[in-house]
1. What number of residues within the stretch 56-95 satisfy the criterion of being under 19 Å from GLY144 (Cβ atoms), more than 16 Å from the ligand (Cβ to nearest atom) and out of contact with any helix residue (DSSP H, G or I) (no Cβ under 7 Å at 6 or more places or on another chain)?
2. Go through (1) farther than 23 Å from ASP131 by Cβ; (2) within 13 Å of the ligand (Cβ to nearest atom) one by one and return the number of the condition LEU18 breaks.
3. Taking PHE151 as the residue in question, decide whether it is among the aromatic types (Phe, Trp, Tyr), more than 17 Å from the chain's Cα centre (by Cα) and either within 26 Å of GLY66 (Cβ to Cβ) or away from the ligand (no atom under 16 Å from the Cβ) (or both).
4. Between residues in the stretch 11-28 that are closer than 21 Å to GLY42 by Cβ and residues that are among the hydrophobic types (A, V, I, L, M, F, W, C) and near the ligand (Cβ under 8 Å from one of its atoms), which pairs lie under 6 Å by C-beta distance while being six or more apart or on different chains?
5. Select from the stretch 1-27 the residues that are of a type outside the set (A, V, I, L, M) and either outside any helix (DSSP H, G or I) or at pLDDT below 95 (or both) and list them in ascending order.
6. May I ask you to list the residues in the stretch 96-147 that are within 16 Å of the ligand (Cβ to nearest atom), of a type in the set (D, E, K, R) and surrounded by 15 or more Cβ atoms within 10 Å (Cβ to Cβ)?
7. Give the stretch 157-188 a look and list any residue that's in a strand (DSSP E or B) and in contact (Cβ under 8 Å) with a residue 60 or more places away in the chain, or say none.
8. Going by what's in this entry, would GLY53 be described as more than 9 Å from the ligand (Cβ to nearest atom), at pLDDT below 95, closer than 20 Å to GLU115 by Cα and crowded, with 16+ Cβ neighbours inside 10 Å?
Amino acid sequence: MSETTNRGQQLASLHARLGGCRLCLEAGYQVYPRAIFSGGLGARLMIIGQAPGITEKEAGRPFNAGSGKRLFQWLSQAGIEETWFRSTQYMTSVTKCYPGRSKSGSGDRLPTPAEQRLCRPYLEAEIALIDPALIIPVGRLAIGLFYAGQFTLEEVIGTEKQLDGRWIIPLPHPSGASRWHQAESNRLRVQQAVQRIQAKLHFAQN
Ligand code: SF4
């Protein structure tokens with residue numbers, strides 16, 4: 001069996017396990033058990049978000065609504081076209097199931113650290129099997145996977161780092177409710193991140 005066939009089977013098996021995963025429910029966390037991700041072998045770029053929102057849960061695809069629109073507006077400035085990305089690259093998140101609304105009712109709740117730990121082996125397996133050359137963690141929770149300790153978005157957006165032979169270039173969460181990326185100084189940071197992504201595309205696609 002070729003290495004690619006083997007990896008393809010492992011990825012199919014991983015996706016099947018994700019499709020039936022009820023670990024959070026079994027541990028008492030009220031998630032909506034439908035793992036949202038997209039992509040397959042051959043992807044060289046990987047976007048990692050925080051967790052699906054309600055529109056992602058309903059549509060069954062990552063970054064489906066306004067956040068996705070803004071994210072792909074940023075990426076289009078790096079020369080990445082949304083249809084191409086969605087059909088050939090990989091999108092996933094720190095936790096894969098919609099966590100529901102926050103207790104205050106203002107927005108979706110953040111997955112707890114325990115939920116993140118439950119889901120982490122899936123993400124590690126996705127990264128190992130897809131083996132992306134460039135990872136774009138989107139939002140603080142996803143960025144925290146690659147930046148240890150305390151950090152501010154101001155410190156990391158617009159920077160890049162290499163880890164295990166991959167480039168990591170973080171972006172802020174593109175939610176319309178976020179004021180962070182709307183501040184002028186932070187728009188410049190997002191532009192720097194976009195330029196870095198563009199500069200890495202050649203590397204990522206070879
Ligand atoms: S969030 Fe992850 S660990 Fe929790 S039920 Fe969904 S797939 Fe399983």
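The values are calculated or read from the model by the stated rules, or taken from the named source; none is laboratory data. Predicted, not measured: the structure shown is a model, and the values here were computed from it. Glycine gets a Cβ as well: all are built from the backbone with ideal geometry, and neighbour counts include every protein chain shown.
1. Summing the residues that are under 19 Å from GLY144 (Cβ atoms), more than 16 Å from the ligand (Cβ to nearest atom) and out of contact with any helix residue (DSSP H, G or I) (no Cβ under 7 Å at 6 or more places or on another chain) in the stretch 56-95 gives 2.
2. (1)
3. In short, yes.
4. Matching pairs, first to second residue: LEU18/ALA35.
5. Of the residues in the stretch 1-27, the ones of a type outside the set (A, V, I, L, M) are 2-10, 13, 15, 17, 19-22, 24, 26.
Of everything in the stretch 1-27, those that are of a type outside the set (A, V, I, L, M) and either outside any helix (DSSP H, G or I) or at pLDDT below 95 (or both) turn out to be SER2, GLU3, THR4, THR5, ASN6, ARG7, GLY8, GLY20, CYS21, ARG22.
6. Scanning the stretch 96-147 gives LYS96, ASP108, ARG109, GLU115, GLU126.
7. Selection gives LEU171 alone.
8. Judged against the criteria, GLY53 is a match.
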